[in-house]
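Taking it in order: structure first as structure tokens, then the write-up.
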Amino acid sequence: MNLPKTLSIFFFLTLIISSQAQEADPLIQNVTARNITTLNGLWQIIVDPLENGYYNHRYQPKENGFFMNQKMQSPSDLIEYDFDEGYQLAVPGDWNTQMEKLYYYEGNLWYKKSFDYTRQAANRVFLYFGAVNYEVKVYLNGKKIGEHVGGYTSFNFEITDELREKDNFLVLKVDNTRRREAVPTVNTDWWNYGGITRSVHLVETPQSFIRDYFLQLKKGSKNEIAGWVQAEGAGGQNVTVSIPSLKINREFRTDQNGRAEVNIKGKFELWSPMNPKLYEVKISTGTDGITDQIGFRSIEADGHKILLNGEPVFLKGVSVHEEAPFGPGRATSKAECETLVKWAKELGCNFIRLAHYPHSEEMVKAAERHGVMVWSEIPVYWTVLFDNPATYANAENQLEEMITRDKNRSNIILWSVANETPVSDARLDFLSRLAKKVKTLDNTRLTTAALDTHSSEDGYNIIDDPLGEHIDVIGINQYCGWYWGKPSECASLKWKINFNKPLIISEFGGGALQGHHGAPNERWTEEYQDDVYKYNLEMLKKIDFLAGTTPWILTDFLSPRRNLNRIQKDYNRKGLVSENGVKKKAFFTLRDFYQQLDGPGKR
Ligand code: GCU
């Protein structure tokens, strides 16, 4: 079909404008404390690998795609889809483990949810998503609301004007196809769980409401909160911040942008693993109020030490994927998060590394309640395209969304910008920019990354990754006894570090099929894995500049890279706990190691 030149230019421009990702609204802080109506539950779906519900046969976006949720009006109508006679999926939840035919599915899948909603007059309504992996187009009542890219961070859109009382239909076009330019890129060592993997809520707010706030101790202080409150609507509003149990009740004023700087001195019981104290904090304006449970603590790096509330602390940790404890599939419920945190506590942990992407708000809050510090990470993993500006923008957006959601969670002490990325100039530029970006968003926490490079000299492994100059705490992944060397050779490994900064051994470990026993030199037995732990822990004891460790990993988890069927059956078996919740021998070896450490700061 040859269109006149002007018309084709018009179509091209229309395509560009309509394809502009309608960005999500700034995230609403602490939505679960608000007036929410959940849309969790069963949603109708259509599996659409060729995006037939979106493109016509000329690969042009359809005006009447599946997002219109059309129904036959007369017996002769031709409508070749119907959400209400198809399959259903539970939300939240990945699609891979809900339907056998979707186990390996990577591609495009439509979700539809119908609902009625009565809005209180003059209020506003937002649509909130905990996470959707990996990219999503959102439609309400046939109208495009917006798009989001990134599989592990929360986002929301205002839908006040599009919402009606009866028969709303919310349609999502979700695509979890891995892409070379994405974050993460095409190769990872975890299952590419697709779908609406976390909660969906309608959030109702007053016309002018408290959109966001940041209330943590001022960097380096133990008795002064320094933060801000961001109110929607006109400037010059009075904002009250109160902490009733401390009889603190202070008033601040918003500037013309609706932002009020907050400074509150007080004598705070500081949050710590031994005393995970959370204060009820109330924030209010003339038209809105919200309550949060916030802990106050200080975290600093001092040479090779990490100081929690001014005292050296040794981070007795373990790495954790967002894998359901009695999987397979994404951990989605509060109970599942509590189980994972409970297992970490049974190990004697005061710290967890939430790998390799931001976990759910539930998981972070469960850890906070139980006195477990957190390393939170964006999925800049292995070989992302470090020289691609769009990839950087995507990574930076995910970093900002991670920090925006969790910046009031006192147990988060480290923001990680990467895992095991190959050294290059482009990678150094990419990651050092991300590390700087963290400080503009939150200068109260420490930056880190898990590195896997080191040189060796005179029998020493030397930590000299150039990224070390740009982050506060160095993470090193090393697999002595598994990917190289024999377990018995690990105890004598020696390390040097070229930075006067804290070091965390952010991964070590080995695989074992739970219940498979044999001689310690038999790969995949619990005895072999236990030896890997025993000898590596001996090595750790000799690293006098070590500030902590997060062995890989708490539980077995699904990964398409794990193809030894008699042992793995798609599972990465480096877990200390099996997919059935059974602890392996090495679990107790690590637990005993942590128990012998006589409290925080001493080794
Ligand atoms: C790497 C990587 C992990 C991976 C692990 C393994 O270090 O960081 O994501 O699962 O090793 O090989 O099991």
For segment 121-142, indicate whether the set of residues that are modelled with pLDDT under 95 and among the hydrophobic types (A, V, I, L, M, F, W, C) is non-empty. yes
Can you name every residue in segment 515-548 that is within 16 Å of the ligand (Cβ to nearest atom) and touching a Ser or Thr at 6+ places or on another chain (Cβ under 7 Å)? 533
Out of all the residues in segment 220-241, which are surrounded by fewer than 19 Cβ atoms within 10 Å (Cβ to Cβ) and at pLDDT 95 or above? 221, 222, 223, 224, 226, 228, 230, 238, 240
Can you find a residue that is outside the structural domain of residue 235 (by TED's automatic domain parsing), farther than 16 Å from residue 117 by Cα and surrounded by fewer than 23 Cβ atoms within 10 Å (Cβ to Cβ) anywhere in segment 191-203? yes
From 421, 448, 453, grab the single residue that is within 30 Å of residue 218 (Cα to Cα) and of a type outside the set (Asp, Glu). 448
Give the residue that is surrounded by the most Cβ atoms within 10 Å (Cβ to Cβ), with candidates limited to residues of segment 12-47 that are part of a loop (DSSP other than H, G, I, E, B) and at pLDDT below 90. 24
Where the second residue is among the aromatic types (Phe, Trp, Tyr) and at pLDDT below 95 and the first is in a loop (DSSP other than H, G, I, E, B) and lies in segment 259-282, which pairs have Cβ atoms under 8 Å and are six or more apart or on separate chains? none
Quick check: is even one residue across segment 404-425 on the phi > 0 side of the Ramachandran plot, more than 16 Å from the ligand (Cβ to nearest atom) and not acidic (Asp, Glu)? no
Criterion: farther than 29 Å from residue 413 by Cα and among the charged types (D, E, K, R) - qualifying residue of 458, 452: 458
Single condition residue 546 does not satisfy, out of (1) surrounded by 22 or more Cβ atoms within 10 Å (Cβ to Cβ); (2) under 22 Å from residue 353 (Cβ atoms): (1)
If you go through segment 181-188 one residue at a time, do you hit one that is part of a strand (DSSP E or B) and either within 22 Å of the chain's Cα centre (by Cα) or more than 16 Å from the ligand (Cβ to nearest atom) (or both)? no
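Taking residue 327 as the residue in question, decide whether it is outside any strand (DSSP E or B) and of a type outside the set (D, E, K, R).
Details: outside any strand (DSSP E or B): yes; of a type outside the set (D, E, K, R): yes.
The answer is yes for residue 327.
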Does residue 365 fit the bill of being away from the ligand (no atom under 16 Å from the Cβ), buried (at least 18 other Cβ atoms within 10 Å of the Cβ) and outside any strand (DSSP E or B)? yes
Limited to segment 55-81, what total is found for residues that are under 26 Å from residue 37 (Cα atoms) and either surrounded by fewer than 16 Cβ atoms within 10 Å (Cβ to Cβ) or polar (S, T, N, Q) (or both)? 2
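Does residue 551 qualify as being farther than 22 Å from residue 582 by Cβ and either in contact with a His (Cβ under 8 Å, 6 or more places away or on another chain) or within 16 Å of the ligand (Cβ to nearest atom) (or both)?
Values: farther than 22 Å from residue 582 by Cβ: no; either in contact with a His (Cβ under 8 Å, 6 or more places away or on another chain) or within 16 Å of the ligand (Cβ to nearest atom) (or both): yes.
Criteria not met by residue 551.
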Only one of these is crowded, with 18+ Cβ neighbours inside 10 Å and not assigned by TED's automatic domain parsing to the domain that holds residue 224: 306, 290. Name it. 306
Tell me whether segment 421-438 contains one or more residues that are free of Cβ contacts under 8 Å to residues at least 12 places away in the same chain and farther than 29 Å from residue 297 by Cβ. yes
Which ones in segment 461-492 are within 16 Å of the ligand (Cβ to nearest atom), more than 30 Å from residue 410 (Cα to Cα) and out of contact with any helix residue (DSSP H, G or I) (no Cβ under 8 Å at 6 or more places or on another chain)? 461, 479, 483, 484, 485
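Looking only at strands (runs of 3 or more DSSP E) that lie completely in segment 380-488, which have at least 3 residues being crowded, with 20+ Cβ neighbours inside 10 Å? Walk me through it before giving the result.
Numbers: elements: 412-419, 446-451, 455-457, 460-463, 473-477.
Ranges flagged: 412-419, 446-451, 473-477.
The values are calculated or read from the model by the stated rules, or taken from the named source; none is laboratory data. Bear in mind the structure is a predicted one, so any value in this text is a computation, not a measurement. Every residue, glycine as well, gets a Cβ built from its backbone with ideal geometry; the counts of neighbours run over all protein chains shown.
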